[in-house]
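Okay, structure first, notes after.
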Amino acid sequence: QVQLVESGGGLVRPGGSLRLSCAASGRIFSIYAMGWYREAPGKLRELVASITSADSTNFADSVRDRFTISSDNAKNTVYLQMNSLKPEDTAVYYCNAAVQGTPVGPVVRYWGQGTQVTVST
(Lines give C-alpha, C1' and ligand atoms only; values in the text may rest on other atoms or scores of the structure.)
Protein backbone atom coordinates (compact mmCIF):
# COMPACT_ATOMS: atom_id res chain seq x y z
CA GLN A 1 0.00 0.00 0.00
CA VAL A 2 0.98 3.61 -0.61
CA GLN A 3 0.26 6.66 1.49
CA LEU A 4 0.22 10.25 0.25
CA VAL A 5 0.67 12.96 2.87
CA GLU A 6 -0.19 16.53 1.87
CA SER A 7 0.78 19.76 3.59
CA GLY A 8 0.86 23.49 2.99
CA GLY A 9 -2.81 24.40 2.74
CA GLY A 10 -4.37 27.27 4.60
CA LEU A 11 -5.88 30.73 4.36
CA VAL A 12 -4.28 33.29 2.06
CA ARG A 13 -5.22 36.74 0.75
CA PRO A 14 -6.04 37.33 -2.93
CA GLY A 15 -2.80 37.88 -4.82
CA GLY A 16 -0.84 35.88 -2.29
CA SER A 17 1.10 32.66 -2.65
CA LEU A 18 1.01 29.20 -1.18
CA ARG A 19 3.14 26.10 -1.65
CA LEU A 20 1.66 22.62 -1.34
CA SER A 21 3.70 19.46 -0.91
CA CYS A 22 2.84 15.78 -1.15
CA ALA A 23 5.12 12.95 -0.07
CA ALA A 24 4.51 9.34 -1.10
CA SER A 25 5.60 6.43 1.06
CA GLY A 26 5.04 2.69 1.34
CA ARG A 27 5.43 -0.02 -1.27
CA ILE A 28 6.92 1.88 -4.22
CA PHE A 29 8.90 0.45 -7.09
CA SER A 30 8.28 3.29 -9.48
CA ILE A 31 6.12 6.42 -9.66
CA TYR A 32 5.10 7.28 -13.21
CA ALA A 33 3.26 10.49 -12.50
CA MET A 34 2.06 12.72 -9.69
CA GLY A 35 -0.43 15.53 -9.77
CA TRP A 36 -2.79 17.85 -7.99
CA TYR A 37 -6.56 17.93 -8.32
CA ARG A 38 -9.02 20.27 -6.66
CA GLU A 39 -12.67 20.16 -5.72
CA ALA A 40 -14.42 23.49 -5.25
CA PRO A 41 -17.85 23.82 -3.61
CA GLY A 42 -20.56 22.63 -5.97
CA LYS A 43 -18.10 21.58 -8.68
CA LEU A 44 -16.52 18.37 -9.91
CA ARG A 45 -12.98 17.43 -9.03
CA GLU A 46 -10.64 18.72 -11.73
CA LEU A 47 -6.99 18.33 -12.65
CA VAL A 48 -4.89 21.34 -11.66
CA ALA A 49 -1.41 20.20 -12.68
CA SER A 50 0.54 16.99 -13.20
CA ILE A 51 4.12 15.93 -13.77
CA THR A 52 5.55 12.67 -15.10
CA SER A 53 8.77 10.87 -14.22
CA ALA A 54 10.18 12.37 -17.43
CA ASP A 55 9.33 15.87 -16.10
CA SER A 56 6.65 16.63 -18.65
CA THR A 57 3.90 18.80 -17.17
CA ASN A 58 0.27 19.69 -17.78
CA PHE A 59 -1.80 22.52 -16.33
CA ALA A 60 -5.40 23.54 -16.27
CA ASP A 61 -5.88 26.63 -18.42
CA SER A 62 -7.13 28.58 -15.43
CA VAL A 63 -3.82 28.19 -13.55
CA ARG A 64 -1.25 27.83 -16.33
CA ASP A 65 0.33 31.26 -15.90
CA ARG A 66 0.16 31.31 -12.11
CA PHE A 67 1.01 27.83 -10.80
CA THR A 68 4.10 25.66 -11.18
CA ILE A 69 4.58 21.99 -10.40
CA SER A 70 7.85 20.28 -9.55
CA SER A 71 9.05 17.02 -8.04
CA ASP A 72 11.89 15.52 -6.07
CA ASN A 73 12.11 11.95 -7.29
CA ALA A 74 14.61 10.93 -4.60
CA LYS A 75 12.05 11.90 -1.95
CA ASN A 76 8.94 10.75 -3.87
CA THR A 77 7.57 14.23 -3.36
CA VAL A 78 5.64 16.65 -5.57
CA TYR A 79 5.15 20.38 -5.01
CA LEU A 80 2.62 22.89 -6.25
CA GLN A 81 3.67 26.54 -6.11
CA MET A 82 0.58 28.73 -6.32
CA ASN A 83 1.03 32.42 -7.06
CA SER A 84 -1.39 35.29 -7.68
CA LEU A 85 -4.13 33.36 -5.94
CA LYS A 86 -7.76 34.24 -6.63
CA PRO A 87 -10.92 33.54 -4.64
CA GLU A 88 -11.96 31.05 -7.32
CA ASP A 89 -8.90 28.96 -6.42
CA THR A 90 -10.60 28.12 -3.12
CA ALA A 91 -10.99 24.34 -2.97
CA VAL A 92 -9.84 21.15 -1.35
CA TYR A 93 -6.63 20.15 -3.13
CA TYR A 94 -5.89 16.43 -3.51
CA CYS A 95 -2.58 14.80 -4.34
CA ASN A 96 -2.62 11.88 -6.78
CA ALA A 97 0.09 9.42 -7.79
CA ALA A 98 0.36 6.58 -10.31
CA VAL A 99 2.48 3.96 -8.57
CA GLN A 100 3.90 0.57 -9.49
CA GLY A 101 4.55 -1.35 -6.28
CA THR A 102 6.63 -4.21 -7.72
CA PRO A 103 8.51 -4.78 -11.00
CA VAL A 104 5.72 -7.05 -12.30
CA GLY A 105 2.78 -5.45 -10.55
CA PRO A 106 0.10 -3.11 -11.87
CA VAL A 107 0.15 0.66 -11.88
CA VAL A 108 -2.32 1.89 -9.26
CA ARG A 109 -3.68 5.38 -8.62
CA TYR A 110 -3.59 6.65 -5.03
CA TRP A 111 -5.17 9.71 -3.45
CA GLY A 112 -4.19 11.86 -0.51
CA GLN A 113 -6.65 13.01 2.12
CA GLY A 114 -6.82 16.54 0.72
CA THR A 115 -5.81 19.92 2.08
CA GLN A 116 -8.01 23.01 2.23
CA VAL A 117 -6.93 26.15 0.37
CA THR A 118 -9.00 29.25 1.05
CA VAL A 119 -8.37 32.53 -0.77
CA SER A 120 -10.25 35.35 0.93
CA THR A 121 -9.93 38.82 2.42
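The values are calculated or read from the model by the stated rules, or taken from the named source; none is laboratory data. Keep in mind it's a predicted model, so treat the numbers as computed, not measured. Areas reflect the complete protein model, heavy atoms only, side chains present, ligands, DNA and RNA absent. Shrake-Rupley method; radii C 1.70, N 1.55, O 1.52, S 1.80 Å.
Before moving on, here are some points about what is shown:
- Computed with a 1.4 Å probe over protein heavy atoms only, the accessible area of Y37 comes to about 50 Å².
- Computed on the chain, with alpha-carbon pairs under 8 angstrom and 6+ residues apart, the relative contact order is 36 percent.
- Percent breakdown of C-alpha pair distances by 10 Å bin, ordered from the shortest bin, for segment 52-121: 16, 45, 29, 9, 1, 0
- In order along segment 33-41, the phi-based Karplus estimate (6.51 cos²θ - 1.76 cosθ + 1.60, θ = phi - 60°) of 3J(HN,Hα) comes to 7, 9, x, 10, 10, 9, 10, 8, x Hz; Gly and Pro are listed as x.
- Computed with a 1.4 Å probe on the full set of protein chains, the accessible area for S70 sits at about 50 Å².
- Each residue of segment 4-12 is assigned a 3J(HN,Hα), and the resulting list reads 10, 10, 9, 7, x, x, x, 9, 9 Hz, derived from the Karplus form 6.51 cos²θ - 1.76 cosθ + 1.60 (θ = phi - 60°), x at Gly and Pro.
- Once all protein chains are placed together, D55 keeps about 100 Å² accessible to a 1.4 angstrom probe.
- For the chain, the average shadow cast by the Cα convex hull is 7.2 nm², which is a quarter of the hull's surface.
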